[in-house]
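**Q** First the structure, then my questions, so here it is.
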Amino acid sequence: MKTPIGQFRIAEKIGGDSPTGTIFRSRVPLDPDQPLPHTEDLVMSRILWLDGSDEDNANTRDRYIYIHGTRHEDKIGTPASCGCVRMRNADVIELFELVDEGTPVVIEE
């Protein structure tokens with residue numbers, strides 16, 4: 001349940017047309033009148049779905065490991081997720097625009 005390390009690629013980009021702060025459940029944007037997911041670790045603003053390139057992280061896509069925005073921007077830099085890489089919403093939106101599917105990603109301890 002930790003963030004995997006090693007070599008990855010961006011397998012899929014999700015949410016490019018969504019407003020800042022959009023909350024996603026199962027990679028689908030919630031409508032404003034829908035109830036929030038039962039988690040504190042909301043997936044927000046954009047999703048960069050990772051696919052592992054190493055033997056040790058080959059299950060990353062199946063684990064639904066993303067780079068995504070969060071409503072807990074004050075916790076960035078501290079472990080607080082079940083494996084995803086959380087970013088400030090403005091930062092993940094900027095990153096989303098700068099990278100393409102297939103872009104290599106390296107996660108180090």
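**Q** Per residue of region 87-102, what does 6.51 cos²θ - 1.76 cosθ + 1.60 with θ = phi - 60° give for ³J(HN,Hα)? Whole Hz please, x for Gly and Pro, Karplus curve as stated.
**A** Once θ is set to phi - 60°, the couplings for region 87-102 become 10, 4, 4, 4, 5, 5, 5, 4, 4, 3, 6, 8, 10, 10, 4, x Hz.
**Q** Counting heavy atoms of the protein chains only and a 1.4 Å probe, report the per residue accessible area for region 1-89 as a whole number of Å². Write down the numbers at each step before the final one.
**A** Numbers: 5170 Å² over 89 residues.
On a per-residue basis, 58 Å².
**Q** Where does each of Glu97, Glu73 land when they are ordered by accessible area, with a 1.4 Å probe and the largest first?
**A** Glu97, Glu73
**Q** Taking 0.36 nm per residue of sequence separation and subtracting the Cα-Cα distance, how much length would be gained by fully extending the chain between Glu109 and Ile76, in nm to one decimal?
**A** So the chain would gain 10.4 nm between Glu109 and Ile76.
**Q** I would also like to ask the following. Any idea how far apart Thr20 and Ile5 come out in nm if each label point goes 7 Å out from Cα toward Cβ?
**A** For the pair Thr20/Ile5, the computed spacing is 3.4 nm.
**Q** Looking only at the chain, where both bridge partners belong to it, what percent of the DSSP beta bridges are antiparallel (to the nearest 5)?
**A** Of the beta bridges lying entirely in the chain, close to 85 percent run antiparallel.
**Q** Could you list the chymotrypsin sites (Phe, Trp or Tyr not before Pro) in region 7-109 that lie in coil according to DSSP, counting only those with at most 16 other Cβ atoms within 10 Å of their Cβ?
**A** Tyr64
**Q** Separate question: Scan around Ala11 for amide H atoms under 5 Å from its own, H built in the peptide plane at 1.01 Å from N, and keep only partners 5 or more places away or cross-chain.
**A** It is Trp49, Leu50, Asp51, Gly102, by chain and number.
**Q** Moving on. Carbon and sulfur atoms: what percent of the 1.4 Å accessible area of the chain do they account for? Write down the numbers at each step before the final one.
**A** Values: 3250 of 6650 Å².
Carbon-and-sulfur percentage of accessible area, whole number: 49.
**Q** Which whole number of Å³ per residue matches the convex hull of the alpha-carbon atoms in region 1-102?
**A** Once divided by residue count, the hull of region 1-102 is 98 Å³.
**Q** Rounded to the nearest 500 deg cm²/dmol, what is the calculated helix-only ellipticity per residue at 222 nm for the chain, with -39500 (n - 2.57) per DSSP H run of length n ≥ 4?
**A** Result for the chain, helices only: -2500 deg cm²/dmol.
**Q** At Glu55 and Asp33, where each label point lies 7 Å from the Cα along Cα→Cβ, what is the point-to-point distance in nanometres?
**A** Between Glu55 and Asp33, the label points sit 5.4 nm apart.
**Q** Something else about it: With springs only between Cα atoms under 10 Å apart, run a GNM on the chain and tell me which of Val43, Val28, Val85 wobbles the most.
**A** Val28
The values are calculated or read from the model by the stated rules, or taken from the named source; none is laboratory data. Remember, predicted model here, so these are calculated numbers, not experimental data. Every residue, glycine among them, receives a Cβ derived from its backbone with ideal geometry; neighbour counts consider all protein chains shown. Accessible surface is based on the protein model in full, side chains and every heavy atom, while ligands, DNA and RNA are left aside. Shrake-Rupley method; radii C 1.70, N 1.55, O 1.52, S 1.80 Å.
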